[in-house]
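> Take this structure, written in structure tokens, and hold onto it; I'll ask about it next.
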Amino acid sequence: MLLAILNDARKRSHRHQGGFTLVELLVVIAILGVLAAIVLFNISGVNSSAACNGMKTDGATIQGAADLYWNTYGVYPVGQNTPATIPGVNDVVTPAAGAYVNEQELLMANLLHSATAGWNTAAPPPAGTEIFTYKASPPQGTVHGAIQGQACIYN
């Protein structure tokens, strides 16, 4: 008799074990998916914002280097070619609008420590490349920067 009661209790405990149904698990997974999508949507613009801020910092550094170059040599570094001498053959006191800032001259004059990844390379520059040119409006020698393929502008 006691054995029959224990077996019956054991069978009942197995039938009513607690657990999650498939529907409950799918609902939880769907909720987690929606939350993950919201988080990813909110942080998706962080990379482009960081690239824009980095380009603006680079632009300020290059502006300072170009001004120091002008203070030293009386001309702004213009062009895309590696010059044979400093100042280079293309350098002028007032650069034309859209003239490239010469990265190599700034590096040779020890005004920049290292080049950013391929800025002011020969056309067409790849998307995401920082391009630094001179601005048309006074004062001449003001650096203008933009990232190819993005609406990000310095100066």
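> When you go through Ile62, Ile38, Ile31 one by one, which is the residue that is more than 18 Å from Gly145 (Cα to Cα), assigned to a helix (DSSP H, G or I) and under 23 Å from the mean Cα position of the chain (by Cα)? Lay out the reasoning, then the answer.
Working: Ile62 fails: more than 18 Å from Gly145 (Cα to Cα); Ile31 fails: under 23 Å from the mean Cα position of the chain (by Cα).
The conditions single out Ile38.
> Something else: Quick one: is Pro87 farther than 29 Å from Asn47 by Cα and modelled with pLDDT under 85?
It is false that Pro87 is farther than 29 Å from Asn47 by Cα and modelled with pLDDT under 85.
> Has segment 103-110 got any residue that is in contact with a strand residue (DSSP E or B) (Cβ under 6 Å, 6 or more places away or on another chain) and surrounded by fewer than 18 Cβ atoms within 10 Å (Cβ to Cβ)? Please lay out each step first, then the result.
Just the residues of segment 103-110 that are in contact with a strand residue (DSSP E or B) (Cβ under 6 Å, 6 or more places away or on another chain), to begin with: none.
No, segment 103-110 contains no residue that is in contact with a strand residue (DSSP E or B) (Cβ under 6 Å, 6 or more places away or on another chain) and surrounded by fewer than 18 Cβ atoms within 10 Å (Cβ to Cβ).
> May I ask you to say which residue of Thr82, Thr94 is modelled with pLDDT under 90 and among the hydroxyl-bearing types (Ser, Thr, Tyr)?
Checking each option against the conditions leaves just Thr82.
The values are calculated or read from the model by the stated rules, or taken from the named source; none is laboratory data. What you see is a predicted model, and the numbers here were worked out from it, not measured in a lab. Using ideal geometry, Cβ is built from the backbone for each residue, glycine included, and neighbour counts are taken over all protein chains shown.
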